Amino acid sequence: MAIFKKRSVAIAVCILLVLAAVIFGGRRSLNALRQDALTVYTAGDENGLSILANMNSIAEYTSTLLKTAAASYTAADSVYEDVRTAYNKLLVCADADPAAHRQVLSELLSACTALQLDYSGRSDIPEATAKAMTRSINDIISMKDQIRHSGYNTMAAAFNSTLETFPAGLLGSLTGVKALPLF
């Protein structure tokens, strides 16, 4: 190993090894923090259910909403079909990442709001049906509020803040570690 007999080459190799250790060690630390937040997303924390469990509850409430609305709407009604489409997306992304759930939840809430505006202006929908649909939509909104105040959001916000600081931001950029979406 004659190449390492030159002091400048040996110093350069040492510097490269230290940089590699910092980069890979930083990536490992950042991924561990990210994984902790994702574990709270799927398994919950000591204070409550996971967002995944809340999303399953939202799917149940949406199913109830669709069954109730089916008495007054058909697939030809776009406001009803938009809720059904969002519900189907929610079922498809059952084990998806937080970003996919966030997007589907946003679509579902928009569709539910449009449906609520529609049935509140229609006189042909029985009052009991309108009340049942309102109850289901309120349950969905309540679950959304629980999600917004979840431990996952706290951990994800802390993780995202860490990614904005030096040197974590630089290491995250170099190693492809991405911020977590908030609900």
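The numbers here are math on the coordinates, done by the rules we state, and not lab data. Because the structure is a prediction, the values reported are computed rather than measured. So basically every Cβ, Gly included, is an ideal-geometry build from the backbone, and we count neighbours across all protein chains shown.
A few notes on this one:
- For Rg and Dmax of the Cα atoms in Å, the value computed from the atomic coordinates appears in the list (1) 24.3, 91; (2) 29.7, 105; (3) 17.1, 53 under label (1).
- Entry note, the chain: the mean residue ellipticity at 222 nm calculated from DSSP H runs of n ≥ 4, each adding -39500 (n - 2.57), is -25500 deg cm²/dmol after division by the residues and rounding to the nearest 500.
- With Cα atoms, 0 to 90° folded angle of helix 98-120 axis to the chain main axis: 20
- Degrees between helix 127-148 axis and first principal axis of the chain (Cα, 0 to 90, nearest 10): 10
- Net charge dipole size for the chain [Lys, Arg +1 and Asp, Glu -1 on Cβ; Debye, nearest 20]: 1220
- All lysines inside 21 Å of K131 as judged from Cα atoms, apart from same-chain residues fewer than 8 positions distant: K67, K144
- C-alpha long axis of helix 78-92 to longest principal axis of the chain, angle in °: 40
- Sequence-distant contacts, meaning Cα pairs under 8 Å at least 6 residues apart, place the relative contact order of segment 83-171 at 19 percent.
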